[in-house]
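For reference, the structure discussed in these notes is given below.
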Amino acid sequence: MKIAILPGDGIGTEIMAEAVKVLQALDLKFEMESALVGGAAYDAHGHPLPEGTLALAKAADAILFGAVGDWKYDKLERQFRPEQAILGLRKHLGLFANFRPAICYEQLTQASSLKPELVAGLDILIIRELTGDIYFGQPRGRRIAVDGHFPGADEAFDTMRYSKPEIERIAHVAFQAARRRGKKVTSVDKANVLETFQFWKDVVTEVHAQYPDVQLEHMYVDNAAMQLVKAPKSFDVVVTGNMFGDILSDEAAMLTGSIGMLPSASLDKNNKGLYEPSHGSAPDIAGKGVANPLATILSAAMMLRFSLNQPQAADRIESAVKAVLSAGLRTGDIWSEGTRKVGTREMGDAVVAAITGKTITKS
Ligand code: NAD
């Protein structure tokens with residue numbers, strides 16, 4: 001199993017060091033190779049995604065990615081900005097399925113803005129189509145309106161479109177993911193208004209015939225936004241298009257309280273994937289040793305489960321994270337009265353100790 005390790009910028013290097021330590025504690029046979037990406041790669045090689053880094057990512061079975069970006073690169077031409085590395089990797093590796101779990105650990109329910117009973121034990125998975133929809137549809141642009149409410153006025157337009165194979169492949173991903181979980185898929189659309197999403201609904205229904213063991217429900221996106229805050233635990237797997245997924249996955253993330261806890265994955269058609277925390281490079285706390293490494297450590301667990309076929313190793317990491325939280329250890333972002341504040345390294349060490357069976361000191 002070959003893993004490309006791309007730490008990136010800011011807290012990326014700090015949190016990645018902890019995730020690597022955790023992977024090493026599993027005693028599995030991995031080959032891990034690191035490369036620069038983002039601003040660090042631009043500084044060293046003049047490009048955020050140098051050829052060597054891309055070649056490593058292509059050759060690997062999975063990629064563990066930290067975070068990229070810093071305000072100091074904001075004035076660069078767009079193609080040289082650190083964030084372009086992520087878009088480049090998605091494009092070159094054909095990563096079309098974005099997995100964003102929203103898990104609310106019992107120990108952290110106080111961090112959510114919702115009532116504890118609504119989110120305690122929450123475990124949902126949002127699957128967002130990543131390469132199509134109105135974000136990429138052509139034509140798009142600005143022009144003078146020839147019809148509509150104001151003919152002759154300046155206007156802007158985008159094109160929402162999905163082809164049948166694009167919907168089929170994300171639907172298969174969702175049904176297969178649901179088989180490994182609660183066996184329920186909610187397909188989110190706007191079929192009552194949009195032709196594209198009536199088509200989406202029809203195709204998802206067709207694909208569902210191959211998964212009789214999985215329950216399928218359809219929900220309009222406005223209702224889904226409402227249900228996510230009203231009864232989030234009623235969902236298992238949510239599958240939707242690029243734009244609706246963009247919005248709903250952030251809404252779901254906030255149910256759990258802290259961005260420092262949330263892993264994510266972007267997968268290709270063979271389940272090869274790029275795994276990364278949902279947060280960015282946090283320049284405001286970079287270099288201080290206080291960042292929460294758990295989102296990256298949990299991304300490594302997702303990598304083991306979805307790309308490297310090691311579900312038991314994934315379980316071991318996830319159980320270790322729960323044990324560490326139960327022992328009362330907290331980084332600053334999830335700290336509350338009565339718990340013990342620890343830094344990035346101490347948190348990583350505690351997860352390693354929980355995996356290797358050592359005792360964690362209670363707060
Ligand atoms: P951010 O996610 O980096 O930070 C937002 C806030 O959350 C900050 O206050 C930060 O300190 C805190 N935070 C984030 N991760 C944390 C962690 N693990 N532990 C504790 N606190 C944490 O978002 P931002 O500040 O808007 O962006 C910073 C840079 O990151 C920008 O250059 C942006 O473009 C980039 N970015 C990169 C990615 C990525 O690499 N995938 C994603 C989002 C933003």
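Within region 215-240, residues that are under 16 Å from residue 112 (Cβ atoms) have Cβ atoms under 6 Å from residues that are in a helix (DSSP H, G or I) in these pairs: 228/251; 228/252; 232/255, counting only partners at least 6 apart in sequence or on another chain. Pairing each residue of region 286-300 that is closer than 13 Å to residue 19 by Cα with any residue that is of a type in the set (D, E, K, R) and near the ligand (Cβ under 10 Å from one of its atoms), provided the two are 6+ apart or on different chains, yields C-beta distances under 7 Å for 291/14; 292/333; 299/276.
When 63, 126, 144 are screened for being assigned by TED's automatic domain parsing to the domain that holds residue 287 and touching a strand residue (DSSP E or B) at 6+ places or on another chain (Cβ under 8 Å), only 63 passes. If a residue must be buried (at least 19 other Cβ atoms within 10 Å of the Cβ) and without any contact (Cβ under 8 Å) to a residue 24 or more places away in the chain, how many such residues does region 319-354 contain? The qualifying residues number 2.
Residue count for region 51-77, restricted to those that are under 23 Å from the mean Cα position of the chain (by Cα) and either of a type in the set (S, T, N, Q) or more than 8 Å from the ligand (Cβ to nearest atom) (or both): 12. Of the strands (runs of 3 or more DSSP E) entirely within region 143-252, those holding at least 2 residues that are under 23 Å from residue 306 (Cβ atoms) and polar (S, T, N, Q) occupy 184-189. Please indicate, with yes or no, whether at least one residue in region 131-153 is modelled with pLDDT under 95, of a type in the set (A, V, I, L, M, F, W, C) and in contact with a helix residue (DSSP H, G or I) (Cβ under 8 Å, 6 or more places away or on another chain). Scanning region 131-153 turns up at least one residue that is modelled with pLDDT under 95, of a type in the set (A, V, I, L, M, F, W, C) and in contact with a helix residue (DSSP H, G or I) (Cβ under 8 Å, 6 or more places away or on another chain).
Okay, residues lined up against (1) open to solvent by 20 Å² or more (accessible area, probe 1.4 Å); (2) without any contact (Cβ under 8 Å) to a residue 12 or more places away in the chain; (3) under 17 Å from residue 5 (Cβ atoms):
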{"position": "44", "(1), (2), (3)": "yes, yes, yes"}
{"position": "48", "(1), (2), (3)": "no, no, yes"}
{"position": "56", "(1), (2), (3)": "no, no, yes"}
{"position": "59", "(1), (2), (3)": "yes, no, yes"}
{"position": "74", "(1), (2), (3)": "yes, yes, no"}
{"position": "78", "(1), (2), (3)": "yes, yes, no"}
{"position": "84", "(1), (2), (3)": "yes, no, no"}
{"position": "88", "(1), (2), (3)": "no, no, no"}
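Within region 94-116, if we keep just the residues that are of a type in the set (A, V, I, L, M, F, W, C) and within 15 Å of the ligand (Cβ to nearest atom), the residue that is most open to solvent (accessible area, probe 1.4 Å) turns out to be 111.
The single residue among 225, 191 that is closer than 25 Å to residue 120 by Cβ, touching an Asp or Glu at 6+ places or on another chain (Cβ under 9 Å) and hydrophobic (A, V, I, L, M, F, W, C) turns out to be 225.
Inspect region 275-298 for any residue being more than 15 Å from the ligand (Cβ to nearest atom) and either assigned to a helix (DSSP H, G or I) or in contact with a Cys (Cβ under 7 Å, 6 or more places away or on another chain) (or both) and give the result as yes or no. No - not one qualifying residue is present in region 275-298.
The values are calculated or read from the model by the stated rules, or taken from the named source; none is laboratory data. Please read these numbers as outputs of a predicted model, since none were measured by experiment. Every residue, glycine among them, receives a Cβ derived from its backbone with ideal geometry; neighbour counts consider all protein chains shown. Please note that ligands, DNA and RNA were not included when accessible areas were found on the heavy atoms of the full protein model with its side chains. Shrake-Rupley method; radii C 1.70, N 1.55, O 1.52, S 1.80 Å.
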